[in-house]
Amino acid sequence: MGADRWDEMWEGELHMVPPPAERHQSLGARLIEVLGPIARARGLKVAYEIGLFLRDDDYRMPDLAVYRPDQASERGLEAAAELVVELVSPGDESRVKLPWYASLDVREVLLIARDSLCPELYRCDSGKPVPVAPAESATIGCRFEVAGPDILRVTTPAGAVDITP
């Protein structure tokens with residue numbers, strides 16, 4: 001019936017994820033609007049809630065993924081992405097996923113707190129997530145920062161865009 005659409009398998013163990021709140025979905029939609037054209041200009045693709053697979057029984061569903069066309073398969077992404085974005089909701093497992101993403105061929109992981117909009121960027125060097133400050137993605141050439149109450153500023157090659165969920 002589709003109720004398990006956002007569920008994940010962690011080494012064969014089912015992790016049931018509640019449906020995202022409206023603020024979470026709104027923030028994700030705004031991010032894909034801003035990041036989509038930038039990614040496409042770099043020959044990359046962007047997807048919302050696509051599966052990232054290590055094996056059939058080991059996959060995660062980042063909120064957004066930026067990837068090369070050759071990293072995709074019919075079922076989703078195959079152990080690789082240039083950038084994954086997790087919108088961190090209270091009590092979720094986004095931070096727990098960091099080492100898993102870093103163990104794959106994921107270049108960068110961006111965590112954005114759903115409520116405070118505080119961004120954290122990690123580069124996945126040598127299988128470990130390494131924090132990068134300021135949160136500036138080499139993959140898409142954008143900087144992420146809180147610009148005021150309820151404003152996430154994304155500084156793109158074309159200028160700054162303020163996102164409010």
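A few remarks follow.
- Consider segment 13-66 and keep the residues that are over 22 Å from ARG114 (Cβ atoms) and assigned to a loop (DSSP other than H, G, I, E, B). The one that is least open to solvent (accessible area, probe 1.4 Å) is LEU44.
- The set of residues in segment 67-76 that are modelled with pLDDT of 95 or more, touching a strand residue (DSSP E or B) at 6+ places or on another chain (Cβ under 8 Å) and open to solvent by 70 Å² or more (accessible area, probe 1.4 Å) comprises ARG68, PRO69.
- Residue tally, condition surrounded by fewer than 20 Cβ atoms within 10 Å (Cβ to Cβ), small (Gly, Ala, Ser) and under 17 Å from the mean Cα position of the chain (by Cα), over segment 137-165: 2
- The residues of segment 150-163 that are modelled with pLDDT of 95 or more and assigned to a loop (DSSP other than H, G, I, E, B) amount to a single one, ASP150.
- Residue list for segment 81-108, restricted to those being among the aliphatic types (A, V, I, L, M), without any contact (Cβ under 8 Å) to a residue 40 or more places away in the chain and within 15 Å of VAL46 (Cβ to Cβ): ALA81, VAL84
- All positions within segment 140-149 that are touching a residue at least 60 places away in the same chain (Cβ under 8 Å) and either touching a Lys or Arg at 6+ places or on another chain (Cβ under 6 Å) or part of a strand (DSSP E or B) (or both): CYS142
- Which listed residue, of PRO99, PRO69, is more than 10 Å from the chain's Cα centre (by Cα) and within 19 Å of ALA39 (Cα to Cα): PRO69
The values are calculated or read from the model by the stated rules, or taken from the named source; none is laboratory data. Every value quoted in this text rests on a predicted model; they were computed, and no experiment measured them. Note that we place each Cβ from the backbone using ideal geometry, even for glycine, and neighbour counts take in every protein chain shown. The accessibility values were calculated without ligands, DNA or RNA, using every heavy atom of the protein model including side chains. Shrake-Rupley method; radii C 1.70, N 1.55, O 1.52, S 1.80 Å.
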